[in-house]
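**Student:** Below you will find the structure I want to go over with you.
The values are calculated or read from the model by the stated rules, or taken from the named source; none is laboratory data. Just so you know, these numbers come straight off a predicted model, no measurement behind them. Cβ placement follows ideal geometry from the backbone for every residue including glycine, while neighbour counts extend to all protein chains displayed. Heads up: the accessible areas ignore ligands, DNA and RNA and are worked out on the full protein's heavy atoms, side chains in. Shrake-Rupley method; radii C 1.70, N 1.55, O 1.52, S 1.80 Å.
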Amino acid sequence: QLPYIDRVLMNISDGKLIPAKASAGEIDLQARNLFMSHFTFLKQSEKKEGFKTLLWDTSLGARIALYPNLHIADPGWRAVFRNRDFRHALSLAIDREEINEVIYFGLAQPSNNTVLPQSPLFRDEFQTKWASFDLDRADALLDGMGLDKRAKDGVRLLPDGRRLEIVVETAGEETEQTDVLELIHDSWLKAGIKIYTRPSQRDVFRNRIFAGETLMSMWSGVENAMPSTEISPHEFAPTSQQQLQWPKWGQHFQSGGKVGEAPDLPAAKELLDLYTSWRLAKSSEARGQIWRRILMLDAEQMFTIGILAGVPQPVVVDKNLRNVPEKGVYNWNPGAHFGVYMPDTFWFDKAERRQAQK
């Protein structure tokens, strides 16, 4: 099979060290734990260390999204989060263009957490509905909810008199999320909403959400945002406990009603009914109609708040490694990360690299 590679050696490292190892030429092929914040740093080291840095597309519905926890144990906060106007106001108070320029060099696309333009199901309104930066409109929505009273420092007050202060929890695995939250903090504060960031470990992060202890979390958007009508819309309906916006509804579905809670919001019920209808649909045309209704309902309800989509993925490739595409899509589903590009056909254009390393 020579010159094709016949084995892969994977070194386990702390994720925070991987950018430094990649820039030092210690890795032949790497994408995981590399972010746009590392791109300039990597490009500066390319010539000296003998690698190149590619920018691949990604297929996440949003690189980063906010997840209001509709199952927060606190009844006061639960009522606020389940009010669609509040979710709309949160989205309108985010300056996505600023985040794009400051964090992503203007290379991303301000967007809801929805399908991408590469999907045949895409419509502009799915991506842009309630996603413009409009503080006046956000203020009007919040005032209309009865959140018009403010403390002396301008922070709004909940109906029970508590300050409208939201702790946003992250898995603490990357600084990118914290950087984005700092910018959101500034624009939300202008709307009278104060946020704090709490990083933790992934297991703790998820368990707190499942237990109803987390107000809001930050994670990536839907995994496969390039679906066709034949791809399941399960990510847009309450079908899994791992969906951070409605874990108990998802748990109820997964367990066949044994645990969790049945959806009690009309829009969530409709999404689940639509998902069931898609599974039973007998034609591609019928499945397409169901998909479009799901996406329209999702954009209108904004159960998750997408920030940006289409963030490029840096991919570091040794200069002697061949058959790695210059352009690709880096994602687990679809693509299996590098898997869809058949790594067993990669090869080194350097004789000594073709021999097993002792």
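**Student:** Checking Ile231 against (1) in contact with a Phe, Trp or Tyr (Cβ under 9 Å, 6 or more places away or on another chain); (2) touching a residue at least 24 places away in the same chain (Cβ under 8 Å); (3) not charged (D, E, K, R), only one condition comes out false. Which one?
**Tutor:** Of everything listed in (1) in contact with a Phe, Trp or Tyr (Cβ under 9 Å, 6 or more places away or on another chain); (2) touching a residue at least 24 places away in the same chain (Cβ under 8 Å); (3) not charged (D, E, K, R), Ile231 misses just condition (2).
**Student:** Please count how many residues of the range 92-107 are open to solvent by less than 10 Å² (accessible area, probe 1.4 Å), under 28 Å from Pro334 (Cα atoms) and either polar (S, T, N, Q) or touching a helix residue (DSSP H, G or I) at 6+ places or on another chain (Cβ under 9 Å) (or both).
**Tutor:** Selection size over the range 92-107: 3.
**Student:** The conditions are (1) open to solvent by 20 Å² or more (accessible area, probe 1.4 Å); (2) more than 11 Å from Val315 (Cα to Cα); (3) under 27 Å from the mean Cα position of the chain (by Cα), and Leu66 fails exactly one of them. Which is it?
**Tutor:** The number of the failed condition is (1).
**Student:** Looking at the range 142-171, which of the residues that are buried (at least 17 other Cβ atoms within 10 Å of the Cβ) and of a type outside the set (A, V, I, L, M, F, W, C) is nearest to Ile209 (Cα to Cα)?
**Tutor:** Glu169
**Student:** Here's a follow-up. What's the number of the only condition in (1) in contact with a helix residue (DSSP H, G or I) (Cβ under 7 Å, 6 or more places away or on another chain); (2) charged (D, E, K, R); (3) under 21 Å from Ala267 (Cα atoms) that Arg82 fails to meet?
**Tutor:** Single failed check for Arg82: (1).
**Student:** Give me a count of the residues in the range 108-118 that are in a loop (DSSP other than H, G, I, E, B) and open to solvent by less than 30 Å² (accessible area, probe 1.4 Å).
**Tutor:** 7
**Student:** Among the basic types (Lys, Arg) and within 18 Å of the chain's Cα centre (by Cα): does that describe Arg78?
**Tutor:** Taking the combined requirement at face value, the residue does not satisfy it.
**Student:** Check Arg123, Arg163, Arg78, Arg137 and return the single one that is in contact with a strand residue (DSSP E or B) (Cβ under 9 Å, 6 or more places away or on another chain) and modelled with pLDDT of 95 or more.
**Tutor:** Checking each option against the conditions leaves just Arg163.
**Student:** Only one of (1) within 27 Å of Asn100 (Cβ to Cβ); (2) at pLDDT below 95 fails for Ile184. Which number is that?
**Tutor:** Every listed condition holds for Ile184 apart from (2).
**Student:** Is it fair to say Asp57 is touching a residue at least 24 places away in the same chain (Cβ under 8 Å), in contact with a helix residue (DSSP H, G or I) (Cβ under 7 Å, 6 or more places away or on another chain) and open to solvent by 10 Å² or more (accessible area, probe 1.4 Å)?
**Tutor:** The answer is no for Asp57.
**Student:** Collect the residues in the range 119-134 that are in contact (Cβ under 8 Å) with a residue 40 or more places away in the chain, open to solvent by 40 Å² or more (accessible area, probe 1.4 Å) and not in a loop (DSSP other than H, G, I, E, B), keeping them in residue-number order.
**Tutor:** Glu125
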